[in-house]
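First up is the structure itself, then whatever we jot down about it.
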Amino acid sequence: MNSAAPRRSPRKLAGSPRPAGTAAHRARIRILVADGYGLDRRGMISLLKSQRDFEVVGEASTVADAIALGGSLRPDVLVLAQSTSVDQGSAVAALRTAIPGARVLAIADRSAEHCVVLNPPSRDRLETLPGAPGCVGGTDCLELAVRDGAMGTLRRSAAPAELFQAVRAVAAGSAWLEPGTAARLAASANGGGSMAALPLSERELDVGAMIAEGRSNKEISTSLNISEPTVKKYVGRLLEKLRVEDRLQAGLYLARHPLVLRRRRSAAAR
């Protein structure tokens, strides 16, 4: 659950009813802004309103509100900040499930330099130690957003001009990815990065998810209703398949690469 600002009711802004095929409608891009932080949301709206071809038709602080407004207002673009609260799972996935045709532009809460996934706190310390292992990049919120169906990604550190370009591209049905996200997706497609295939069974995925949450073998045994020796067997298989030495390394890897735990579930859904 995201600890965003106090919830406020979703708002339809002035002029929000969709015109019936008028020239004014064809010339303007209708935008719904969803952001869990009020000041950031108002700042985003103010920026978007500065463009003559944009019309901000509504705002929301939660994914539930964005779904309700998106269904009635049918915006051309849904600008979705990652701070927008959702009961569980991915905000983008929830929106795309409720509104399959939604064109989502996902906005990260931080710049790449301040993202704790891409720049873990340990990195500064390790880089000063000779012979220390290098840091393997993880899967950040924007890569996850694209995997869940976002058409565009942008970091909070982007210039306003980039925001405008991204909105226009997504409204036109084109992908618009900030450079870091595009590079990581390309690396994954070429066999590198977090999406490299791992032959994990459903039970191994269950055990792996609990290891990533810091659960003990006893807790995993109780939760999955299997014996502790059986848990140890699955842990051993995970270590071998992930090519790590112990459960701590396995937990860190899985926490930083959540797509490994999600792949089988997504394939089953298809």
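The values are calculated or read from the model by the stated rules, or taken from the named source; none is laboratory data. Treat the numbers as computed from the prediction; the structure is a model and nothing was measured. A quick note on method: Cβ atoms are made from the backbone with ideal geometry, for glycine too, and the neighbour counts reach across all protein chains shown.
One residue is enough: does the range 82-96 have a residue meeting the conditions modelled with pLDDT under 90, surrounded by 14 or more Cβ atoms within 10 Å (Cβ to Cβ), small (Gly, Ala, Ser) and assigned to a loop (DSSP other than H, G, I, E, B)?
yes
Which one of LYS241, LYS232 is assigned to a helix (DSSP H, G or I) and modelled with pLDDT of 90 or more?
Checking each option against the conditions leaves just LYS232.
Could you please find all residues in the range 67-79 being touching a helix residue (DSSP H, G or I) at 6+ places or on another chain (Cβ under 7 Å) and more than 14 Å from GLY101 (Cβ to Cβ)?
VAL79
Before we move on, is GLU204 at pLDDT below 90, over 27 Å from LEU142 (Cβ atoms) and either in contact with a Lys or Arg (Cβ under 6 Å, 6 or more places away or on another chain) or not β-branched (Val, Ile, Thr) (or both)?
Taking the combined requirement at face value, the residue satisfies it.
Among the residues in the range 176-186, are any in contact with a strand residue (DSSP E or B) (Cβ under 8 Å, 6 or more places away or on another chain) and modelled with pLDDT of 85 or more? Can you show your working first?
As a first pass, look at the range 176-186 and keep what is in contact with a strand residue (DSSP E or B) (Cβ under 8 Å, 6 or more places away or on another chain): 176-178, 181.
Narrowing the set further to residues that are modelled with pLDDT of 85 or more leaves 176-177.
The answer is yes; a qualifying residue exists.
Within the range 207-228, can you find the residues that are of a type in the set (Asp, Glu), out of contact with any helix residue (DSSP H, G or I) (no Cβ under 6 Å at 6 or more places or on another chain) and at pLDDT 85 or above?
GLU219
Only residues that are in contact with a Gly (Cβ under 8 Å, 6 or more places away or on another chain) and not aliphatic (A, V, I, L, M): list them for the range 145-181, please.
ARG155, TRP176, listed by residue number.
All but one of (1) outside the structural domain of ASP140 (by TED's automatic domain parsing); (2) modelled with pLDDT of 90 or more; (3) among the small types (Gly, Ala, Ser) hold for SER3; state the number of the condition that does not hold.
Every listed condition holds for SER3 apart from (2).
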